[in-house]
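J.: To start, I am sharing the structure in question, which I have written as structure tokens.
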Amino acid sequence: MSTLPPCPKCNSEFTYEDGQQLVCPECAHEWSATAAVDAREGDKVIKDAVGNVLQDGDSVSVIKDLKVKGTSLVVKVGTKVKNIRLCDGDHDIDCKIDGIGPMKLKSEFVKKV
Ligand SMILES: [Zn+2]
């Protein structure tokens with residue numbers, strides 16, 4: 001017998017298969033077994049403000065003034081940022097900005113150039 005993934009809602013290990021669906025007997029949550037696998041295998045897609053998919057090494061420009069946390073510096077709208085690196089977390093872009101240094105940006109505040 002194959003091991004089924006635990007319930008994504010309540011973490012119950014007593015999930016069972018019902019056709020293409022997985023069912024949790026404890027919280028009655030049902031979900032698709034195939035969708036669960038797809039979500040795990042696919043890389044997280046990070047998109048810019050207008051929906052372009054961003055990749056490591058892309059260049060972006062900042063679409064609004066952004067205060068740099070803990071400093072009086074501001075990354076001005078239109079600032080070009082080269083060679084971004086995608087990362088996990090709330091701020092999902094790691095980069096280095098001329099005159100400011102290494103910092104993290106939110107993908108929703110940049111546009112691919
Ligand atoms: Zn459950």
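J.: Can you go through 65, 98 and tell me which one is acidic (Asp, Glu), at pLDDT 95 or above and more than 20 Å from the chain's Cα centre (by Cα)?
T.: Selected residue: 65, the only one of 65, 98 that is acidic (Asp, Glu), at pLDDT 95 or above and more than 20 Å from the chain's Cα centre (by Cα).
J.: Can I ask one more? How many residues are in contact (Cβ under 8 Å) with a residue 24 or more places away in the chain and within 15 Å of residue 103 (Cα to Cα) when one looks only at region 58-89?
T.: Let us first name the residues in region 58-89 that are in contact (Cβ under 8 Å) with a residue 24 or more places away in the chain, namely 58-64, 66, 68, 73, 75, 80-81, 83-86, 88.
Now restrict to residues that are within 15 Å of residue 103 (Cα to Cα): 59-62, 66, 68, 73, 75, 80-81, 83-86, 88.
Residues flagged as in contact (Cβ under 8 Å) with a residue 24 or more places away in the chain and within 15 Å of residue 103 (Cα to Cα) within region 58-89 amount to 15.
J.: In region 59-85, how many are outside any loop (DSSP other than H, G, I, E, B) and either among the hydroxyl-bearing types (Ser, Thr, Tyr) or out of contact with any Ser or Thr (no Cβ under 8 Å at 6 or more places or on another chain) (or both)?
T.: So the count comes out to 7.
J.: Among the residues that make up region 25-38, is at least one of them surrounded by fewer than 15 Cβ atoms within 10 Å (Cβ to Cβ), at pLDDT below 95 and under 30 Å from residue 111 (Cβ atoms)?
T.: Yes; the residues of region 25-38 include at least one that is surrounded by fewer than 15 Cβ atoms within 10 Å (Cβ to Cβ), at pLDDT below 95 and under 30 Å from residue 111 (Cβ atoms).
The values are calculated or read from the model by the stated rules, or taken from the named source; none is laboratory data. Values in this document were obtained by computation on a predicted structure and should not be read as measured data. As a convention, Cβ positions derive from the backbone with ideal geometry for all residues, glycine included, and neighbour counts pool all protein chains shown.
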